[in-house]
Each structure stands twice: as C-alpha cells, then as structure tokens.
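*Asks:* If you scroll down you'll find the structure; I have some questions about it.
Where a number appears in this text, it was derived from the coordinates with a stated rule and is not lab data. Bear in mind the structure is a predicted one, so any value in this text is a computation, not a measurement. A quick note on method: Cβ atoms are made from the backbone with ideal geometry, for glycine too, and the neighbour counts reach across all protein chains shown.
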Amino acid sequence: MRVAAPNPDNLNPEQKEVHDTIAGGPRGRVRGPLALWLHRPLLAEAAQNLGQYCRYGSSLAPRLSEIAILTLVRLWDAELPWYAHKTEALKAGVEPEVIEAIRSGKVPEMKDAAGQAVYRFTLEISTNRRVSQETYDAPLKAVASDGFVDLVGIIGYYSLVAMTVNTFELPLPEGVLPDFPT
C-alpha cells in the first residue's frame, strides 16, 4: 500500500464526522477506498454519497449492477472491488459461469438481453470511451432511461474506486489470494 488510510483513532473532527456517517450507514464499516479518501473528508463524503446511491438506491436491478461492476473492475484489474463484488454478484443472481467468464477475460454467455446489453455497454464505454449506436440502444431498450442513467453513474463511480485501489495499491484482506493472473 502506497498511502495508508488515516488511523481511526487519530481522525480530526471533520474526518471523524465523515467516518461515523459511513460506518453508521448500510456499509456498517469504513474500509478500502472510503477509508483512504478520509485524507480528504469532503471527497470521502461525496464519494460515500455517490457510492451509497449506486449500490443501494439505483433503479438498475442488482444483478445488472453487479455485472457492470465486475466487468469494469476486471478491465481495471482491481482485485479489491472484484473480491468485494463477486460474492455480491452471486447473491444478486449472476451465474457463476458469467462471473468466471468475466474474470478470465472471456465474453460471458447470458440468456437475457439486459445482462448482455449491460456487459457490452460497460466494456465498450470503458475501453473505447465512446459507444456505437447499437451499443447505446441495447441497454436503453433493456432498462429504460432511468436504469441507463444509473448504469452510467455506476460505471463512473466504480471507475473511481478501481483507480483509487490501483493507484494506492490497496491490498486484499489478509489470507485472500488474487483472482487475476499476474
């Protein structure tokens, strides 16, 4: 790890307030990028609000959200959010073979048009920085405009998470082995 998160026992009042808000929310604790962002409490607070919305308030179905998150963090080779979300993806109904295909860099086979559209959109916008009309139209048709707007927000938020994890080399929990080839 390049920069350690602030010590929870030595937080200034602004950091402590944001820490306690995060810990008291649906996450129940402060770890990973959120802990690191406490160096800049306003960033931590803003990111926490966006992340809480993306994770718990989005109109996108949890299964589709997790497909987007796994696709995005795999493109970044960001092990920590992959570790956190592969279990969430299973709980949300993402099939183990879909998770494995994404992990191994293969195109997952999904029976539903919505899952396929979310995967393709996440992949294309993240690698090309633009999308074709066909790639744009598919998720719009599958999840309507509200879900599509939320999808873009989820991709943006988890790009920030992945970038933070990789920049500061945030480690996996002790004893957890990486899932990606080195």
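*Asks:* Per residue, how big is the convex hull around the C-alpha atoms of segment 8-57? Give it to me in cubic angstrom, could you?
*Replies:* Spelled out: Cα convex hull of segment 8-57, divided by residues, is 64 Å³.
*Asks:* In the chain, which whole DSSP H runs stretch at least 27 Å along their own axis (Cα) and average -1.0 or higher on the Kyte-Doolittle scale?
*Replies:* 133-168
*Asks:* Helix-derived [θ] at 222 nm for the chain: sum -39500 (n - 2.57) over DSSP H runs of at least 4, divide by residue count, nearest 500?
*Replies:* Taken over the chain, the calculation gives -20500 deg cm²/dmol.
*Asks:* Normalise the Debye intensity by I(0) for segment 62-159, one equal point scatterer per Cα, no solvent, then take log10 at q = 0.16, 0.21 Å⁻¹ and round to two decimals.
*Replies:* -0.58, -1.04
*Asks:* Total Lys pairs in the chain closer than 24 Å by alpha-carbon, pairs eight or more apart in sequence or interchain only?
*Replies:* For the chain, the number of qualifying lysine pairs is 5.
*Asks:* With only Lys, Arg, Asp and Glu charged, each at its Cβ (+1 for the first two, -1 for the last two), find how big the charge dipole of the chain is about the Cα centre; round to the nearest 20 debye.
*Replies:* The calculated dipole for the chain is roughly 100 debye.
*Asks:* Same structure again: Say each of residue 1 and residue 46 gets a label point 7 Å from the Cα, pointing the same way as Cα to Cβ; how far apart are those two points in nm?
*Replies:* 2.4
*Asks:* Convert 4 °C to kelvin, take the viscosity as 1.567 mPa s, use the Kirkwood radius over C-alpha pairs of the chain as Rh, and evaluate the Stokes-Einstein diffusion coefficient in µm²/s, rounded to a whole number.
*Replies:* So the translational diffusion coefficient is about 76 µm²/s.
*Asks:* What span do the alpha-carbon atoms of segment 67-120 cover on each of the three principal axes, reported in whole Å from largest to smallest?
*Replies:* Extents along the principal axes: 28, 21, 15 Å.
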